[in-house]
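This report refers to the structure that appears directly beneath it.
The values are calculated or read from the model by the stated rules, or taken from the named source; none is laboratory data. Bear in mind that the values here come from a model prediction, so they are computed numbers and not experimental data. For neighbour counting, all protein chains shown are included, and Cβ atoms are generated from backbone atoms with ideal geometry for every residue, glycine included. Just the protein is used for accessible areas: all its heavy atoms, side chains included, with ligands, DNA and RNA removed. Shrake-Rupley method; radii C 1.70, N 1.55, O 1.52, S 1.80 Å.
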Protein chains: 2
Amino acid sequence: MGQDGIDLETSLGYLLKEASSALRLAMEEVLRPLGMTITHYSCLELLAQRPGLSNSELARGAFVTRQSMNVLLQALERDGYVTRPAAPPVGKALPTRLTARGRRSLEKATAAVRSVESRMLEGLSAGDQQEAFRMLTSMVRSLREGPTPG
Amino acid sequence: MGQDGIDLETSLGYLLKEASSALRLAMEEVLRPLGMTITHYSCLELLAQRPGLSNSELARGAFVTRQSMNVLLQALERDGYVTRPAAPPVGKALPTRLTARGRRSLEKATAAVRSVESRMLEGLSAGDQQEAFRMLTSMVRSLREGPTPG
DNA sequence: TGACCCATGTCAGTATTCTGACATACCTTT
DNA sequence: AAAGGTATGTCAGAATACTGACATGGGTCA
């Protein structure tokens, strides 16, 4: 006889998805007026902190496939937010950089996203936030380790 | 002069997205062999716990639009996993219920998802998990409250 | 009763992401 | 040097979710 289902009222997995969904919605809400999607913003923010990231690296950082990021990068390049060299300096990877326009566009978005993150954390103490960081990091590590062989 | 960007290495928002992404990937991995997507599974799990949920209620519970859930429900109904009355008993909402086939299909998926959730939490004590629940709940509530007027 | 508002189900079109596939470049090993 | 393995960029097609729109049912209030 099969076990009962997963109790969604107490499941941390479900709650994690709920929190992520709420964050996504809040971010979309503030980024929409700026004509920016979350992936779009993530890409610019990654490039601001680590100039020269390749398409594949940006994809991993934004949690999408490199194919999806490639589509986005081509649009961003066409519209003058980022630049890539015509030929790869080494290997196949094309290092991407923000243009002045890209940096300007990112400034407003960063402010908007910062306000959302502040709101998200307003009920948590500094100690709480440290604990939350530790636990989420542990979850990510466990999930990436793959199924336990035993 | 604009402020600097958001430090992704220490941002709880980014980490939340990372954890959610890792969970999504792990769930997709175990559900794929069963021919099931996450939304598909979520729908069945919701119906197992709260029989008679309407399309819109299922959509909210699975964090998708009611249009997306409607497409899924039509497929599930066509394939015999759920049933809906031909006419709404009251209002326009059609209460949905699992069939025996739907319940059987859910059993395997629940076991698979349970193993993923266990793995995710294996580094956290019971107290940790309670704290994580409290913090995530706080984040969801704060995000849904909308921007602080002040 | 009638006007209004809100929630629901549904259709259609659009957008975004994903999977599959291929060629290329680097690295390691033999 | 040659072969195998891994990573990358890119194209094409499929799957999935979303936005917009419309009609209907139920409730509230004047």
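Within a straight-line Cα-Cα reach of under 15 Å, A:Lys17 can be paired with the following aspartates and glutamates, leaving aside sequence neighbours fewer than 8 residues apart in one chain: A:Asp7, A:Glu9, B:Glu18, B:Glu28, B:Glu45, B:Glu117. Taking 8 Å as the Cα distance limit and 6 or more residues as the minimum spacing, I'd like the relative contact order of segment A:42-86 as a percentage. Relative contact order here is 26 percent. Under a Gaussian network description of chain B, with springs only between Cα atoms under 10 Å, the residue in B:Ser115, B:Ser125, B:Ser105 that fluctuates furthest is B:Ser125.
For the pair segment A:75-149 / segment B:56-107, the C-alpha centres are spaced 36 Å from each other.
By the compact-protein rule of thumb, 2.2 N^0.38 Å, the alpha-carbon radius of gyration of segment B:42-91 corresponds to a ratio of 1.06. With contacts taken as Cα pairs under 8 Å and at least 6 residues apart, segment B:21-138 reaches a relative contact order of 27 percent. Taking only the alpha carbons of the protein assembly as shown, we obtain Rg and Dmax values of 21.2, 67 Å in that order. Residues in segment A:78-93 carry Karplus couplings, in order, of 4, 8, x, 8, 9, 10, 9, x, 5, 10, x, x, 7, x, 10, 5 Hz; the curve used is 6.51 cos²θ - 1.76 cosθ + 1.60 with θ = phi - 60°, and Gly or Pro positions show x.
For the peptide B:97-108, the mean number of other protein chain Cβ atoms found within 10 angstrom of a residue's Cβ is 1.
Using a 1.4 Å probe on the protein heavy atoms, what percent of the accessible area of segment B:12-144 belongs to carbon and sulfur?
53 percent
Ordering A:Leu12, A:Gly127, A:Val140 by Cα displacement along the dipole of chain A toward the positive end leaves A:Val140 in first place; charges were set at the Cβ atoms of Lys, Arg (+1) and Asp, Glu (-1).
Inter-copy label distances at A:Phe133, using a point 7 Å along Cα-to-Cβ, come to 2.6 nm with the shortest given first. Between this copy and the others, label points of B:Gln67 are 2.4 nm apart in ascending order, each placed 7 angstrom from Cα in the Cβ direction. Of all chain A residues, the one whose Cβ lies closest to the rotation axis that maps A onto B, given with that distance rounded to whole Å, is A:Ser20, 2. Counting Cβ atoms of other protein chains within 10 Å of each Cβ in A:45-52 and taking the mean gives 3. Length available on full extension from A:Gln49 to A:Ala86: 0.36 nm per residue minus the Cα-Cα distance, which gives 11.1 nm. Take every pair of alpha-carbon atoms less than 8 Å apart whose residues are at least six positions apart; their mean separation over the length of segment B:8-80 yields a relative contact order of 17 percent. Along each principal axis, taking the top coordinate minus the bottom one, the Cα set of segment B:96-141 gives 38, 26, 12 Å in descending order. Per residue of B:24-31, other chain Cβ atoms within 10 Å of the residue Cβ number 3 on average.
Which value results for Rg/Rh of chain B when Rg is the Cα radius of gyration and Rh the Kirkwood radius based on the inverse mean 1/r?
The Rg/Rh ratio comes out at 1.05.
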